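Below is one structure, written out as structure tokens, with a few remarks after it.
The values are calculated or read from the model by the stated rules, or taken from the named source; none is laboratory data. Since we're looking at a predicted model, the values are computed, not measured. Cβ: placed from backbone, ideal geometry, glycine included. Neighbour counts: every protein chain shown.
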Amino acid sequence: MSSTKSSSSRSSQSSSSRSSSGSNCRPSSHSHSHSHSLTSKCKEHMDTHILVGILYNLLIILYLINLENEACNCVMDWRHNYLKYFSCALVILGIIGLFTDINKSAIAFLIKLLLCVGSIVNIYCLFTYIGDLDVTNCSCARDKQRTMHYFLYIWRWVLVISLVVGVICAVVGSCDHKH
């Protein structure tokens, strides 16, 4: 009986340590009040991510709009438009996500799939477009918006490296399950 009690308390400690770390946002079945506080912490955490995403995409939109001045003579192609409109879509989805639980929607899987594919195209566009603005010495990007341009120039590498690492982890993870 004591082994059952000690394994039960270990399980309980393990569950509460996962919950307190913030990495596991599933509600615990131990108590209603603990479950409620955990759910509200997760909601706050998600809201913070959504707000950061909205702010990031608004900055991208502002950066791109500032390049549309005819005096700039910067590269204007489909990548510019894609980045701008995809960022607008993400801002709208972010605002909707602040007020609703989109995961409970019947079309949540379709939205996530489209966002996944759209995000890969977005990373490609950001990587190549910011690089082209830099190579062509677009003065509106490099001089008038120096800080934002520099941030995006570095950020594009972070996104590509994250994507490559994610793909490698997915491939290695799927290989581990086969053996």
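Considering (1) without any contact (Cβ under 8 Å) to a residue 40 or more places away in the chain; (2) surrounded by 14 or more Cβ atoms within 10 Å (Cβ to Cβ); (3) farther than 16 Å from LEU159 by Cβ, the lone condition that LEU90 does not fulfil carries the number (3). Report yes if some residue within the range 65-74 is under 30 Å from MET46 (Cβ atoms), among the hydrophobic types (A, V, I, L, M, F, W, C) and either surrounded by fewer than 14 Cβ atoms within 10 Å (Cβ to Cβ) or in contact with a strand residue (DSSP E or B) (Cβ under 6 Å, 6 or more places away or on another chain) (or both); otherwise report no. For the range 65-74, residues under 30 Å from MET46 (Cβ atoms), among the hydrophobic types (A, V, I, L, M, F, W, C) and either surrounded by fewer than 14 Cβ atoms within 10 Å (Cβ to Cβ) or in contact with a strand residue (DSSP E or B) (Cβ under 6 Å, 6 or more places away or on another chain) (or both): present. Of the numbered criteria (1) of a type outside the set (Gly, Ala, Ser); (2) closer than 24 Å to VAL52 by Cα; (3) surrounded by 12 or more Cβ atoms within 10 Å (Cβ to Cβ), the one CYS140 fails is (2).
Report, by residue number, each residue of the range 126-179 that is in a helix (DSSP H, G or I) and basic (Lys, Arg).
Restricting attention to the range 126-179, the residues satisfying the condition of being in a helix (DSSP H, G or I) are 126-135, 139-142, 146-178.
Answer for the range 126-179, where residues must be in a helix (DSSP H, G or I) and basic (Lys, Arg): ARG142, ARG146, ARG156, LYS178.
Which residue out of LEU113, LEU90 is modelled with pLDDT of 85 or more, out of contact with any helix residue (DSSP H, G or I) (no Cβ under 8 Å at 6 or more places or on another chain) and closer than 25 Å to GLY166 by Cβ? Steps first, answer last, please.
Numbers: LEU90 fails: out of contact with any helix residue (DSSP H, G or I) (no Cβ under 8 Å at 6 or more places or on another chain).
Sole residue among the options that is modelled with pLDDT of 85 or more, out of contact with any helix residue (DSSP H, G or I) (no Cβ under 8 Å at 6 or more places or on another chain) and closer than 25 Å to GLY166 by Cβ: LEU113.
With respect to the conditions (1) part of a loop (DSSP other than H, G, I, E, B); (2) of a type in the set (A, V, I, L, M, F, W, C); (3) surrounded by 14 or more Cβ atoms within 10 Å (Cβ to Cβ), ILE123 falls short on a single one, namely (1).
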